[in-house]
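Since the structure comes first, as structure tokens, the remarks are kept for the end.
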Amino acid sequence: MKTYTVAVRTLCELAAKQGDLDLRFTPSPTLQQGISGHRSVAASRSASYRSELRLSGHYKHLVVRGRADGYDPDRQLLEEVKTYVGELDLMPANHRHLHWAQAKVYGALACQEFQLAGLTVTLVYFDVGRQQEALPLSQHCTAVELQVFFEALCERFIAWADAELAHRERRDAALGSLKFPHAEFRAGQRDLAKAVFNAARLGRCLLAQAPTGSGKTMATLFPMLKACPGQELDKVFFLAAKGSGRSLALTALATLRGSADALPLRVVELVAREKSCEHPDKACHGESCPLARGFYDRLPAARAAAASAEVMTRESLREVALSHAVCPYYLGQEMARWSDVIVADYNHYFDGSALLHALTLANGWRVGVLVDEAHNLVDRARAMYTARLDAAQLRSVRASAPDALKRPLDRLRRSWTRLDGEAPGAYTVFDEPPRAFASALQEVVGAMPEVLAQQGQGTERVDGALLEFYFEALALTRLIESFDSHSIFDVTREPGSMGGSRSSGLTVCVRNVLPAPFLKPRYAAARSTVLFSATLAPWNFYCDTLGLPDDTAWLDVAAPFHAEQLSVRIAGAISTRYRHRPRSLVPIARLIATQYEEAPGNYIAFFSSFDYLEQALGEFASRYPGIPAWRQSRRMVEVERDAFVARFAVGGCGVGFAVLGGSFAEGIDLVGERLVGAFIATLGLPQVNAVNEELRRRLDGEFGAGDDYVYLFPGIRKVVQAAGRVIRTPSDRGVLHLIDDRFARPEVRRLLPGWWCIEDA
């Protein structure tokens, strides 16, 4: 019989967790604090002390492995070290129960490894704030006692392990014989699928540009799944920037399942906590939330039910969770451990505290990662590794802070005032984070968990403003700890704050410029990472900014379309530069109306900002009131977005006005008559401001291409994405008007799709 390998932590979390879901003893120490705490404990031990001791053992066909925090052979003492902040007495009993389980499993493995008759098992709790150990908790156990405990946990786990082994065997057999679910590949689709399969086979990264309408989602999922048996892949992560990308992936997976007889493929969709919380007015513990009460006692049945359902979308997971009275969000996180395909947002793998990356490392998974619409990853990753605090937040928190926080907050306020004196203008960049500010911020971050833990002991929620301030301060602290040339430390002053209380308008920020150093470990943790989009040119821009390995393969899939499908015209007599926009309104309105009168149908017009959109729409509506028009508005909710798209109906006529780079410029599929043309009244260039100019200087120094990397490439990418709404299938026909004289420049035209036949108007 095949063996099943499980990490000690996973074994204990599945077999030993009990009681309530309880997040009151959080937030936990930072990663750096945790590492430092473990090192401090190890440094205080004898010369014979062995830290991070690798241990493994067997029970029947179960292989259990992990790293014990510390072992002293002279004293025959094994230690499980837990770092903490706040008051140890506030730790829930079931947390302590889990810690003992881990310690005893490591004790059993140590007795097996060193053939011991017994040893002392100790829980060491280290307060990272006070830099001291709490009184250790010790038990002397015989090897027999530890083995009995170990085997009991294994017996609880082994039924699940057997089911997992059987599932894996069925899954791999089915995937090995899986056929492409359509009668034939689209043009270019086979080339993409082959490249993805080879990337998985060779253990390489792939950067693939494939045009809109080429079926990228299926062409990446199908080969990665086909590669699972041969490459022994445990999981496939499909990561998307938007909900529309996740929906396409779930639809493609449903198609694959429908094309094969009983394809045993577990799929889970992960969503943000705020989108799946059933009781947002309650705190995450059993005294407050009914779905947290007894969570781990009901989890086994909920887990089994979810696994048997196999397809776990947001809706179906919620149904299972509520039927077992457990939290849908944390059930989803649990099922990520036991699913074959996880469909999620980028941040679930690429963020600094990403769940999927942490689970991959902890469990030693072999994973294939698919990154949908990967052109979005540059900006999204920069945001993940950027953090800021503004003076208004500090002032508000200080006004209502508990006494325990007033002194560290006052120190932070004083350092803030010193920053004000060192930042005379509206925008100031520092060579590095000032030490006094970093130290004051660290003191605040160190003091807050204890206060938050105390607040969370009742049934009421923790002060939301205080909690938000803590998370933002913590994020800023972590980025200061890892500060290097990939980021900048800057201070921005709000307009009008130069007089009076100058510091009241300051925002302090660690701003990521180059996400590459943060993303490289993510690629290293995966067997293969495939990044794909319709707009990934030039490839070196994405390789440089995203930190892709030197051996990353590049594929540019030929478009399945031909020039006759799309009439592309440059309106070279119109300038959409900011200073020329007032006089561009009339000719733009005239151009849209002329095209509409020549060929009535559904059109979409893109503008660089909401202000520009409103001005253009006002001019158009006043001059051509007989042509139906509708617009994208700021902060549209899902129902409003759906209504906007629904206006593009078969047989309909009119013009939708939208913002370039917004929710309607990518990710919507308007086939055939639903959209017959587009107008793009801008090059899409990011705004020239102090921040972007600093990014330009930094990237110019790094790659010698600051203007291109900050302005030109991102701008034209948005144009091409928006233009891709018009031609979705080989049978579509349409017209595209590029409105600005700069579209005729050679450096711009070379970035436009090669299959376009461009006319100068």
Please give the number of the condition VAL650 fails out of (1) under 22 Å from ARG511 (Cβ atoms); (2) of a type in the set (A, V, I, L, M, F, W, C); (3) outside any helix (DSSP H, G or I).
-> (1)
Tally, over the range 209-220, of residues that are closer than 15 Å to SER528 by Cα and over 20 Å from the mean Cα position of the chain (by Cα) = 0
From the options GLU666, GLU619, GLU638, residue that is of a type in the set (D, E, K, R) and more than 26 Å from the chain's Cα centre (by Cα) | GLU619
From the list ARG634, ARG583, which one is without any contact (Cβ under 8 Å) to a residue 24 or more places away in the chain, outside any strand (DSSP E or B) and out of contact with any Gly (no Cβ under 7 Å at 6 or more places or on another chain)?
-> ARG583
Only one of (1) touching a residue at least 60 places away in the same chain (Cβ under 8 Å); (2) within 13 Å of ASN602 (Cβ to Cβ) does not apply to GLU694, and that is (2)
Identify, from the list ARG67, ARG54, the residue that is part of a strand (DSSP E or B) and touching an Asp or Glu at 6+ places or on another chain (Cβ under 8 Å).
-> ARG67
All positions within the range 684-728 that are surrounded by 15 or more Cβ atoms within 10 Å (Cβ to Cβ) and in a loop (DSSP other than H, G, I, E, B) | GLY684, LEU685, PRO686, ALA705, GLY724, ARG725, VAL726, ILE727, ARG728
Can you pull out the residues in the range 363-379 that are assigned to a helix (DSSP H, G or I), over 14 Å from PHE350 (Cα atoms) and either aromatic (Phe, Trp, Tyr) or touching a Phe, Trp or Tyr at 6+ places or on another chain (Cβ under 9 Å) (or both)?
-> HIS375
Answer yes if at least one residue in the range 101-122 is in contact with a His (Cβ under 7 Å, 6 or more places away or on another chain) and closer than 30 Å to ILE35 by Cβ, and no otherwise.
-> yes
Pairs under 7 Å by beta carbon, first residue under 22 Å from GLU673 (Cα atoms) in the range 734-761, partner aromatic (Phe, Trp, Tyr) and crowded, with 17+ Cβ neighbours inside 10 Å, six or more apart or different chains?
-> HIS737/PHE679; TRP755/PHE561
Picking from ALA665, ALA589, ALA629, which residue would you name as being surrounded by fewer than 20 Cβ atoms within 10 Å (Cβ to Cβ) and either out of contact with any His (no Cβ under 9 Å at 6 or more places or on another chain) or polar (S, T, N, Q) (or both)?
-> ALA629
Flag for THR545 being within 31 Å of the chain's Cα centre (by Cα), closer than 30 Å to GLU693 by Cα and assigned to a loop (DSSP other than H, G, I, E, B) = no
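Any read-out appearing in this document is the output of simple, stated calculations on the displayed coordinates, not a laboratory observation. Predicted model only: the values in this text are computed from it and were never measured. Ideal geometry is used to build each Cβ from the backbone, glycine not excepted, and the neighbour counts take in all protein chains shown.
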